[in-house]
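Data block below; observations after.
The values are calculated or read from the model by the stated rules, or taken from the named source; none is laboratory data. If you're wondering where the values come from, they're calculated on a predicted model, not measured in any experiment. Every residue, glycine as well, gets a Cβ built from its backbone with ideal geometry; the counts of neighbours run over all protein chains shown.
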There are 2 protein chains.
Amino acid sequence: MTDLTYKELSQKYAHLTRNVNEEFINIHPIQRGGLLTPEAFKALIAFGDGYSLCDNCLKGRIDKIENPPVVEFLRDMANFLNIDTVMLTGAARDSKRIAMQVLAKKYPNRKTVVIDSLAHYTTYLAVEINNLKVREVPNSGKPVYSIDPNDYESVINDVLKEEGELPLLVLLTHIDYKYGNYNDPKPVGKICQDFGVPFLLNAAYSGGTLPIDCKNDLIDFIACSGHKSMAASGPIGILGFKEDFADEVMATSRIQGDVSSKSFPRKICSVLGCPPVYGAPLITLMASFPTIVKRTQKEQVEEESKKANHVIDQISKIKGIKVLGKLPKIHPLTNLKTESFAEIAVNHPRKGFFLREEFKDRGIIGILPGISKEIKYSTYGLTWEQIKHLSNAFLEIAEKYNLA
Amino acid sequence: MTDLTYKELSQKYAHLTRNVNEEFINIHPIQRGGLLTPEAFKALIAFGDGYSLCDNCLKGRIDKIENPPVVEFLRDMANFLNIDTVMLTGAARDSKRIAMQVLAKKYPNRKTVVIDSLAHYTTYLAVEINNLKVREVPNSGKPVYSIDPNDYESVINDVLKEEGELPLLVLLTHIDYKYGNYNDPKPVGKICQDFGVPFLLNAAYSGGTLPIDCKNDLIDFIACSGHKSMAASGPIGILGFKEDFADEVMATSRIQGDVSSKSFPRKICSVLGCPPVYGAPLITLMASFPTIVKRTQKEQVEEESKKANHVIDQISKIKGIKVLGKLPKIHPLTNLKTESFAEIAVNHPRKGFFLREEFKDRGIIGILPGISKEIKYSTYGLTWEQIKHLSNAFLEIAEKYNLA
C-alpha cells in the first residue's frame with residue numbers, strides 16, 4: 001500500500017538506462033565474460049517475458065523441453081565440458097551448494113570440504129550453508145599466490161588423521177577471482193582419485209573462456225557460470241557431474257501430502273523442482289553457445305592471453321606498479337599492486353577516486369571506485385585497438401603523475 | 001570438447017526465435033502476469049549483459065546498490081506489500097525454502113509445516129529439501145475446492161498434540177495454481193497469531209496482480225514471483241518478512257578460512273552472499289514496478305475479474321463444460337472441466353490435441369497440448385477485444401462439435 005502515485009513512481013523508475021558498453025571500454029573484471037553475443041541479444045529480445053521458455057513444456061521440467069532444443073543443448077554442453085551430464089542451476093554458487101548438499105547426504109560422516117585458499121567467497125558460503133567445515137590448501141603468498149597441487153595431498157591426509165574420515169569434497173578454483181591464476185586441475189584430480197574423494201572444479205571464470213576436459217582431468221563435478229563467462233544474460237549456472245552421482249544430484253521428490261496424497265515424482269529436489277532459468281537466462285546461454293565453443297579453442301584462447309600480456313608488458317614500465325599472480329597470464333583477469341598510484345591518492349583532491357576518474361576521462365570504465373592500492377581488470381574480448389588504448393591510458397596517467 | 005564445428009552449432013542454435021505474443025493471444029496460465037511492460041522491455045535491452053547491474057556496486061551486495069536505485073526500490077517494494085523488509089531471491093520457491101531454513105534453525109524442535117492442500121508443488125519441495133514434514137489443511141473437494149481457514153486451527157492443534165511442539169511454519173497459498181481460488185489471509189493470520197506460529201503467504205500468483213497488505217493480514221513472511229506476476233523477465237523472487245525475523249533471514253557469514261583467515265561478514269548466508277539477480281531480472285522488476293502498483297489498485301483489479309467472469313458467463317452455455325473453483329473469479333486463473341471436449345477427443349483423428357489446435361487456428365495459444373479433460377488458462381491483462389475473441393472461439397468450437 002505505497003503512498004506514492006503511479007506518476008511519482010514512474011518518474012522515479014523512468015531512468016533505468018545504461019550505456020556503459022556503448023560509451024566506454026568496460027574492463028570490469030566480472031563483466032567481460034558475460035557480455036552478450038549478438039545472437040544472445042536477439043534471443044533476449046525474443047524471450048524477454050517471464051516463463052517465455054515454457055511455451056512447449058510437456059513434462060513440467062525445463063531440462064526436458066525439446067522446443068527450443070533444451071534437451072539437445074544440455075547434451076551438447078556436457079559434450080563440450082566432456083562430462084557425463086549437466087544440469088542447469090541458478091548460478092555457479094548454487095552448483096557448488098548443490099554438489100555439497102547431495103554429497104553430505106551420501107556421506108553423512110564426512111564433514112570437511114578441502115578448498116584452495118584463493119577460492120571465491122561463495123565457495124566458503126556453500127560450505128557454511130551446508131553446515132560443513134572448510135580446510136584450505138595454502139598458497140605461496142606475495143606476489144605470485146600460487147597453489148601447489150601436492151599440498152592437496154597433505155591437507156587431505158590431515159583431515160583423514162584428525163577426523164578419521166575422508167573429506168566430503170575437494171574443490172579447486174580453476175581461475176581464481178583475485179589474481180586470475182590458472183590452476184591445472186589434473187594433478188589435483190589424480191590425488192582425489194587416489195584417495196577416492198569427489199573432486200569439484202569451480203570454473204566460474206573459465207567455463208566459457210578456456211578449454212575444459214573433465215574426463216581427462218579426473219573431474220567429478222564442475223560448476224560454471226553463464227553470466228560470468230558464457231556470454232549469457234543470467235543468472236544461470238551449470239552443474240556438470242559424473243554418472244556415478246546422477247542418482248543423488250537428480251534425486252526426485254518423495255514427499256507426499258497427508259490429505260491430498262499428492263506427490264511429485266518427476267521433480268528434482270536439489271533445484272526445487274525445475275531449474276530456475278525460465279526465459280532470458282537459458283535462451284541467451286543457448287544462443288551464445290556456438291561462440292562459446294569457438295572462443296575456447298586454442299587459437300582464440302592464445303590470442304586473449306596475448307592481449308592480457310601485452311598490456312602487462314606495456315605498463316610494467318610504470319614506476320611502482322607490480323602485477324600480482326602468475327605470469328605470463330593465461331586468463332586475462334589481472335591484479336595490479338599500484339603503490340605509486342596509492343601515494344598520489346594521498347594528496348590528490350579526489351583521493352582514491354582519482355584513478356577511476358582518470359580512466360573514465362579516457363573512455364575506460366570498470367575499475368572499482370575509491371581503490372588505488374590495487375586494481376583488478378579483465379581484458380577478455382577487447383579488440384587489439386582497445387587493448388592499445390588501455391595500455392596508452394595507463395602510460396598517459398603515469399606520465400601525468402611523473403611515474404613514467 | 002564437442003565434435004561439432006562452429007558452423008554446425010551456429011546452424012543448430014540459429015533459430016531461437018519466438019513470436020507467441022506477436023502472433024497469438026496467449027492465455028498460458030503461468031505467463032500472463034510475467035509479460036513485460038514496455039518500460040521493462042526497454043530496461044531489459046539496456047541491462048541484458050551478465051552482471052550489468054553491478055557497475056556501481058560498492059559493498060559487494062546487490063541490495064546495497066544505489067545506482068540504479070535498488071536500495072530505494074526495496075524500500076518501495078516493502079512499502080507496497082506493507083511489510084517491514086523485503087529481500088531479493090532467485091524465485092518465490094527460494095523465498096519459501098529460505099523462510100523454512102531460517103526458521104528450522106531458530107526452532108530446531110519444530111518439524112512440521114502446515115500448508116493448504118492446494119499448495120504449489122514447490123511448497124512441498126521446500127519442505128522436503130529442509131528435511132521437514134508436511135501437514136495439509138483439507139479442501140472441500142469437487143467442484144469448488146475451497147479452504148476453510150478454521151481448519152488451520154484444528155490441524156495446528158493436531159500437530160501440537162501429536163508432536164508436543166507447534167508447527168514450524170503455517171503457509172497459505174493466496175491464489176492456488178490449480179483452480180485460481182482466492183484465499184483471504186487474515187483469518188489464517190489471526191489463528192497463527194493466537195498460536196504464536198509464523199505465517200507465510202505464498203503470493204506467487206497474487207503479488208503484482210492483487211492488492212496485498214501484510215500488516216493488516218498478520219503475515220510474517222511473504223513469497224512473491226517477479227516472472228510470474230510482476231511483469232519481470234526473471235527469474236526473481238521477493239521474500240518479505242517482519243522485523244522480528246530480520247536477524248535470521250539476513251544472517252551474515254561466520255565461516256573463516258583456517259589458513260587465510262578470510263571471512264565474509266557482509267555476505268548473507270541464505271542467498272549465498274548476494275541475491276542472484278544481477279541484471280535483467282532485477283532491472284525489469286524495477287522498471288515494471290510503477291505499473292505493478294497501478295494494476296493492483298481496486299479499479300484495475302475489478303476490471304480483470306470482470307473480464308475473467310465474462311468469459312465464464314459466455315462459455316457456461318456450452319454443453320459439458322464446468323468451471324472448477326470458487327465463483328465469481330477474483331483472480332483470472334481459471335480451470336475448466338471439459339468432459340464434452342474429452343468425449344470428442346476419443347474419436348478425433350488428433351485425439352487430445354484437437355482442442356489446442358482448434359484454438360490455435362483461431363489465434364489463441366497457451367492451452368497445454370494433449371489435455372482435453374481439463375483446461376487451465378488466464379485472461380490476466382487481455383484487452384476486452386481479446387476477451388471477446390476468446391469467448392467466441394470457445395463458442396465456435398462448441399458449435400463445430402455440436403455442443404452449443
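When B:Leu172, B:Leu168, B:Leu132 are checked against the criterion of being aliphatic (A, V, I, L, M) and within 16 Å of the chain's Cα centre (by Cα), B:Leu172 stands alone in meeting it. For the stretch B:1-31, the set of residues classified as surrounded by fewer than 16 Cβ atoms within 10 Å (Cβ to Cβ) and among the charged types (D, E, K, R) consists of B:Asp3, B:Lys7, B:Glu8, B:Glu22, B:Glu23, listed by residue number. Being touching a residue at least 12 places away in the same chain (Cβ under 8 Å), facing chain B (nearest Cβ under 7 Å) and over 17 Å from A:Ser229 (Cα atoms) is the requirement here; does A:Gly60 meet it? Taking the combined requirement at face value, the residue does not satisfy it.
Table: residues versus (1) hydroxyl-bearing (Ser, Thr, Tyr); (2) out of contact with any Leu (no Cβ under 7 Å at 6 or more places or on another chain); (3) at the interface with another protein chain (Cβ under 7 Å from one of its Cβ atoms); (4) touching a residue at least 60 places away in the same chain (Cβ under 8 Å).
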position: A:Asn216; (1), (2), (3), (4): no, yes, no, yes
position: A:Ile219; (1), (2), (3), (4): no, no, no, yes
position: A:Cys224; (1), (2), (3), (4): no, yes, no, yes
position: A:Asp258; (1), (2), (3), (4): no, yes, yes, no
position: A:Ser263; (1), (2), (3), (4): yes, yes, no, no
position: A:Leu272; (1), (2), (3), (4): no, no, yes, no
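Across the stretch A:82-98, the qualifying residues are those that are part of a loop (DSSP other than H, G, I, E, B) and more than 8 Å from every other protein chain (Cβ to nearest Cβ), and the one among them that is surrounded by the most Cβ atoms within 10 Å (Cβ to Cβ) is A:Ile83. The single condition from (1) within 25 Å of the chain's Cα centre (by Cα); (2) within 7 Å of chain B (Cβ to nearest Cβ); (3) crowded, with 22+ Cβ neighbours inside 10 Å that A:Asn79 fails is (3). Being surrounded by fewer than 21 Cβ atoms within 10 Å (Cβ to Cβ) and β-branched (Val, Ile, Thr) is a condition met by no residue of the stretch B:155-168. Within the stretch B:328-335, does at least one residue satisfy the condition of being within 24 Å of B:Ala40 (Cβ to Cβ) and within 14 Å of chain A (Cβ to nearest Cβ)? Yes, the stretch B:328-335 has at least one match. Inspect all residues belonging to the stretch B:32-55 and state whether any of them is within 25 Å of the chain's Cα centre (by Cα), surrounded by 22 or more Cβ atoms within 10 Å (Cβ to Cβ), more than 7 Å from chain A (Cβ to nearest Cβ) and assigned to a loop (DSSP other than H, G, I, E, B). No, every residue in the stretch B:32-55 fails to be within 25 Å of the chain's Cα centre (by Cα), surrounded by 22 or more Cβ atoms within 10 Å (Cβ to Cβ), more than 7 Å from chain A (Cβ to nearest Cβ) and assigned to a loop (DSSP other than H, G, I, E, B).
Would you mind stating whether A:Arg32 is within 27 Å of A:Pro211 (Cβ to Cβ), of a type outside the set (Asp, Glu) and without any contact (Cβ under 8 Å) to a residue 40 or more places away in the chain? Judged against the criteria, A:Arg32 is not a match. When residues in the stretch A:358-372 are screened for being surrounded by fewer than 15 Cβ atoms within 10 Å (Cβ to Cβ) and at pLDDT 95 or above, 2 of them pass. If we scan the stretch A:249-257, do we find a residue that is surrounded by fewer than 17 Cβ atoms within 10 Å (Cβ to Cβ), among the β-branched types (Val, Ile, Thr) and farther than 27 Å from B:Asp3 by Cα? Within the stretch A:249-257 (the criterion being surrounded by fewer than 17 Cβ atoms within 10 Å (Cβ to Cβ), among the β-branched types (Val, Ile, Thr) and farther than 27 Å from B:Asp3 by Cα), the answer is yes, since at least one residue qualifies. Condition (residue is touching an Asp or Glu at 6+ places or on another chain (Cβ under 6 Å) and surrounded by 23 or more Cβ atoms within 10 Å (Cβ to Cβ)) applied to the stretch A:287-298: is it met by at least one residue? Checking the stretch A:287-298: at least one residue is touching an Asp or Glu at 6+ places or on another chain (Cβ under 6 Å) and surrounded by 23 or more Cβ atoms within 10 Å (Cβ to Cβ).
Could you grab me the full set of residues in the stretch A:248-283 that are of a type outside the set (A, V, I, L, M, F, W, C) and at positive phi?
Scanning the stretch A:248-283 gives A:Ser261, A:Gly273.
Has the stretch B:123-130 got at least one residue that is more than 9 Å from chain A (Cβ to nearest Cβ) and either crowded, with 19+ Cβ neighbours inside 10 Å or not small (Gly, Ala, Ser) (or both)?
Within the stretch B:123-130, one or more residues are more than 9 Å from chain A (Cβ to nearest Cβ) and either crowded, with 19+ Cβ neighbours inside 10 Å or not small (Gly, Ala, Ser) (or both).
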